[in-house]
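Q: The structure's right below; bear with me while I get my questions together.
The values are calculated or read from the model by the stated rules, or taken from the named source; none is laboratory data. Not measured: the values here are computed from a predicted model. Because the Cβ atoms are built from the backbone with ideal geometry, glycine has one as well, and the counts that use them run over all protein chains shown.
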Amino acid sequence: MEFTNVPAIVTGGASGLGEASVRTLAAKGCKVAILDLNEDAGRRVAEDVNGLYLHCDVSSADSVEAAFAASREVHGACGIAVNCAGIAPAKKILDRDGKPMPLDAFSQVINVNLIGSFNVLRVAAADMASREANSDGERGAVIMTASIAAYEGQIGQAAYSASKGGVVAMTLQSARELARQGIRVNTIAPGIFMTPMMAAMPQEVQDSLAATLPFPQRLGDPKEFGLMVQQMVENPVLNGEVVRLDCALRMAPR
Ligand SMILES: NC(=O)c1ccc[n+]([C@@H]2O[C@H](COP(=O)([O-])OP(=O)(O)OC[C@H]3O[C@@H](n4cnc5c(N)ncnc54)[C@H](O)[C@@H]3O)[C@@H](O)[C@H]2O)c1
């Protein structure tokens, strides 16, 4: 799918992998809207790329519908949607005293990472279906973000793994269902990337994480995530696929 003047929406675009996606898409000529809870950072990134910041909670139906409508008003119906908003709090199923994890802690992660991804997918699909198809019959491309924790969840990642496993499972299903409208759906499953969350960790923790990576033995650069977003938009036959972007890492139990 083409980039020039195509309206793109990036959730979680105020930081990390989402921000890198915003910058990649803007550099390729898209009109980008950032949907994020973080207003200060969102406005800063939007200003840099001459884009739009829209305050949005991906887990709320009303909030996502309103943000898409606001973006449509300024940029036109969305042709590219990248889902990067996510949270990753760790909590064990049983704590040290044998007390079970509060159910709310599980639900919160599912609400943002899984329900939020579907929420954006469903509203993006409606927007994309209204667009004129290109010569290949294509109207839109959706990119979701899972994690390698969908496959090798570590101790403390019950909710996170389940949420990302749901995103993985939804990928082929939604690509099949939206084929009729000419909408492709792909997912990136990142390993370990140097985002603000990681950069805040002590150097020795970063080094020990990097040492577990087969090759290259360094954390991924968010720009490399942006490169995969670009390929998923550009390559018309890439559809219904989950791509691990992980330096061949297979996570250990802890
Ligand atoms: N960084 C990594 O190594 C890594 C690895 C695997 C998967 N991921 C996934 O990639 C995605 C991006 O991660 P990141 O490292 O860039 O994180 P990040 O914390 O730097 O960025 C996440 C962004 O999402 C926003 N956000 C959170 N909840 C939201 C909500 N309810 N509505 C709207 N926006 C919300 C935050 O404000 C933030 O700007 C997440 O889904 C994460 O699970 C990251």
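Q: Just to be sure I understand, how many residues within the range 195-204 are near the ligand (Cβ under 9 Å from one of its atoms) and surrounded by fewer than 17 Cβ atoms within 10 Å (Cβ to Cβ)?
A: Within the range 195-204, the first condition is being near the ligand (Cβ under 9 Å from one of its atoms), and the residues that meet it are 195-198.
Subsequent filtering for residues that are surrounded by fewer than 17 Cβ atoms within 10 Å (Cβ to Cβ) retains 196-198.
Looking only at that region, the number is 3.
Q: Next question. Scan the helices (runs of 4 or more DSSP H) fully inside the range 27-139 and keep the ones with 1 or more residues being in contact with a helix residue (DSSP H, G or I) (Cβ under 6 Å, 6 or more places away or on another chain), farther than 29 Å from GLU2 by Cα and in contact (Cβ under 8 Å) with a residue 24 or more places away in the chain. Explain how you work it out, then say what you get.
A: Numbers: elements: 39-48, 61-75, 103-109, 116-129.
Passing ranges, in order: 103-109.
Q: Restricting to the range 137-174, and then to whatever is more than 15 Å from the ligand (Cβ to nearest atom) and surrounded by fewer than 20 Cβ atoms within 10 Å (Cβ to Cβ), can you tell me which residue is farthest from ALA8 (Cα to Cα)?
A: ILE155
Q: Are there any pairs, at least 6 apart or on different chains, whose C-beta atoms fall under 8 Å, with the first in the range 156-182 and free of Cβ contacts under 8 Å to residues at least 40 places away in the same chain and the second basic (Lys, Arg) and assigned to a helix (DSSP H, G or I), and if so, which?
A: Going by the 8 Å Cβ cut-off, there are no qualifying pairs.
Q: Across the range 108-136, what is the number of residues that are farther than 22 Å from VAL229 by Cβ and more than 13 Å from the ligand (Cβ to nearest atom)?
A: Number satisfying all stated conditions: 3.
Q: Scan the range 183-191 and tell me whether some residue there is without any contact (Cβ under 8 Å) to a residue 40 or more places away in the chain and touching a Cys at 6+ places or on another chain (Cβ under 7 Å).
A: Residues of the range 183-191 without any contact (Cβ under 8 Å) to a residue 40 or more places away in the chain: none.
No, every residue in the range 183-191 fails to be without any contact (Cβ under 8 Å) to a residue 40 or more places away in the chain and touching a Cys at 6+ places or on another chain (Cβ under 7 Å).
Q: Moving on to the next point. Quick check, is VAL6 among the β-branched types (Val, Ile, Thr), within 16 Å of the ligand (Cβ to nearest atom) and touching a residue at least 12 places away in the same chain (Cβ under 8 Å)?
A: Values: among the β-branched types (Val, Ile, Thr): yes; within 16 Å of the ligand (Cβ to nearest atom): no; touching a residue at least 12 places away in the same chain (Cβ under 8 Å): yes.
Taking the combined requirement at face value, the residue does not satisfy it.
Q: A further question follows. For the range 150-254, give me every one of the helices (runs of 4 or more DSSP H) that falls completely inside it and has 3 or more residues that are hydrophobic (A, V, I, L, M, F, W, C) and modelled with pLDDT under 95. I'd like the intermediate steps shown before the answer.
A: Values: elements: 158-178, 196-199, 203-211, 222-234.
Counting at least 3 such residues, we get 196-199, 203-211.
Q: Follow-up question, since we're still on this one. Checking the conditions here, which among PRO202, PRO236, PRO190, PRO222 is within 18 Å of VAL82 (Cα to Cα) and over 19 Å from the mean Cα position of the chain (by Cα)? Break it down stepwise before answering.
A: On the way: PRO202 fails: within 18 Å of VAL82 (Cα to Cα); PRO190 fails: over 19 Å from the mean Cα position of the chain (by Cα); PRO222 fails: over 19 Å from the mean Cα position of the chain (by Cα).
Going through PRO202, PRO236, PRO190, PRO222 in turn, the sole match is PRO236.
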